[in-house]
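K.L.:
Got a structure for you, written out below as structure tokens; questions coming shortly.
The values are calculated or read from the model by the stated rules, or taken from the named source; none is laboratory data. For clarity, every value in this text was computed on a predicted model and none was experimentally measured. Here the Cβ positions follow ideal geometry from the backbone for every residue, glycine too, while neighbour counts run over all protein chains shown.
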Amino acid sequence: MTTSFDSKLPHLGASIFTEMSLMASQHQAINLSQGFPEFDTPAYLKNAINEAISEGKNQYCPSSGLPEFLQQIGELVQRCYIKDEARRLDPLKTITVTSGATEALMVAIQTLVRPGDEVIVFDPAYDAYEPGVELAGGRCRHIAMNAPDYAIDWGQVTAVINDKTRAIVINSPHNPTGTLLSSADMKALQRLVLAHDLYVISDEVYEHMTFDGERHESVLAYPELFERAFVVASFGKTFHCTGWKMGYCVAPEGLTDEFRKIHQYATFCTFTPAQFAITEMLKAHPQHIDELSDFYQQKRDVLVAALKPSRFEVLPSKGTYFLLLDYSAVSDMNDVEFSHWLTKEVGVAVIPLSPFYQADVLDEYHQKHKVVRLCFAKNDETLLQAAEILCQL
């Protein structure tokens, strides 16, 4: 006997990341699809978590995070983004440790969005934004960014804002395009937020991965904008430990109070031993974060150079650990078909870009765009092997 069930998200199945990684495994393809590092977590950090576990630091911690961990995150925020010595955030009141950035995004959305509200997102958009808005009873208004620069048209944003608009979601460095928001972008965003009484959810999980001397423009560096914002970050990306699910959210005290009301019933608290370990890592090895951009820029450059003889057009990557390829000269297939073929028949797994766009524009998108995403958070040998295969197409 079967029973019907009224799904809250009837149009959703497995994510494109799950689909492509499973396909890569089934066909023994080189997996440049899902965004996780191939190399290991720093030895110091592994030793620190083992020590914390061995010392019995395995029980619940405060819901918002270990106080010393919050202090270390606060020092990192101050060092990276807040140059005015007179402006200091109280980390115990403005920072919440979460079970990954995805939880932080979901909780921020549930904190802000009410039934009937509209939230502006920029396509190609990370796939966690819209389900959260829908579950809160809201609706996403999609604004497309297009190759090769994937820039935001702020005039178009202004035209979309109405009396239902509640918030704008931004993501920089941007997944999947590798682009960065500029200072001019942040000032344009701030003007709109203040003029229309809006809020911002800023996804900054790749904050420490920018290339060629470019600077990450964090909402945290703009005091007026930050007063109406939730800033989401991830230690999983920073310390090559995505499976630990260690994220955090920074917000003004009033917004943090509301955020924590929901967070405490989502996970209550986040993996205690990892909080002790990352606290020690932040104190003992701050240079890891300072060196991260150079580390990933080298990997980007290895892959770009190796793909130079290929028929792919390599699009600019200013940040993250992703690289876009235009395959127009290689195939007429749409990006999903091409990604499946590349994985099954060629042996390199990539991610199509169309799933990052709203569903009702996909027919038009497939006619105009042929772009896939590669993850270069891999060992150089893996990148060179994948590039050698792609150069044969």
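K.L.:
List every residue pair whose Cβ atoms lie under 6 Å apart, where the two residues are 6 or more positions apart in sequence or sit on different chains, the first residue falls within the stretch 22-50 and is under 26 Å from PHE356 (Cβ atoms) and not assigned by TED's automatic domain parsing to the domain that holds PHE235, and the second residue, located anywhere, is aliphatic (A, V, I, L, M) and part of a loop (DSSP other than H, G, I, E, B).
P.N.:
Close Cβ pairs (under 6 Å, with a partner that is aliphatic (A, V, I, L, M) and part of a loop (DSSP other than H, G, I, E, B)) amount to LEU32/VAL350; SER33/VAL350; PRO37/ALA377.
K.L.:
Also: Starting from residues that are touching a residue at least 60 places away in the same chain (Cβ under 8 Å) and either touching a strand residue (DSSP E or B) at 6+ places or on another chain (Cβ under 8 Å) or of a type in the set (Phe, Trp, Tyr) (or both), keep the ones in the stretch 326-341 and report whichever is farthest from HIS369 (Cα to Cα).
P.N.:
That would be SER339.
K.L.:
Going by the structure shown, is THR96 of a type in the set (Val, Ile, Thr), surrounded by 17 or more Cβ atoms within 10 Å (Cβ to Cβ), part of a helix (DSSP H, G or I) and touching a residue at least 60 places away in the same chain (Cβ under 8 Å)?
P.N.:
no
K.L.:
If you scan the stretch 164-174, which residues turn out to be in a loop (DSSP other than H, G, I, E, B) and either hydroxyl-bearing (Ser, Thr, Tyr) or buried (at least 19 other Cβ atoms within 10 Å of the Cβ) (or both)?
P.N.:
SER172, PRO173, HIS174
K.L.:
Could you pull out every one of the helices (runs of 4 or more DSSP H) wholly within the stretch 311-393 that has 1 or more residues that are among the β-branched types (Val, Ile, Thr) and surrounded by fewer than 17 Cβ atoms within 10 Å (Cβ to Cβ)?
P.N.:
In the stretch 311-393, 380-390 are the helices (runs of 4 or more DSSP H) which contain 1 or more residues that are among the β-branched types (Val, Ile, Thr) and surrounded by fewer than 17 Cβ atoms within 10 Å (Cβ to Cβ).
K.L.:
Check whether at least one residue in the stretch 175-187 is crowded, with 17+ Cβ neighbours inside 10 Å and either closer than 23 Å to TRP244 by Cα or modelled with pLDDT under 95 (or both), and report yes or no.
P.N.:
The answer is yes, given that some residue of the stretch 175-187 is crowded, with 17+ Cβ neighbours inside 10 Å and either closer than 23 Å to TRP244 by Cα or modelled with pLDDT under 95 (or both).
K.L.:
Tell me, which residue of the stretch 296-324 that is without any contact (Cβ under 8 Å) to a residue 60 or more places away in the chain and hydrophobic (A, V, I, L, M, F, W, C) is farthest from THR179 (Cα to Cα)?
P.N.:
ALA305
K.L.:
Would you be able to say whether some residue in the stretch 253-273 is touching a Ser or Thr at 6+ places or on another chain (Cβ under 6 Å), more than 23 Å from LYS57 (Cβ to Cβ), of a type in the set (Phe, Trp, Tyr) and modelled with pLDDT of 95 or more?
P.N.:
Yes: the stretch 253-273 contains one or more residues that are touching a Ser or Thr at 6+ places or on another chain (Cβ under 6 Å), more than 23 Å from LYS57 (Cβ to Cβ), of a type in the set (Phe, Trp, Tyr) and modelled with pLDDT of 95 or more.
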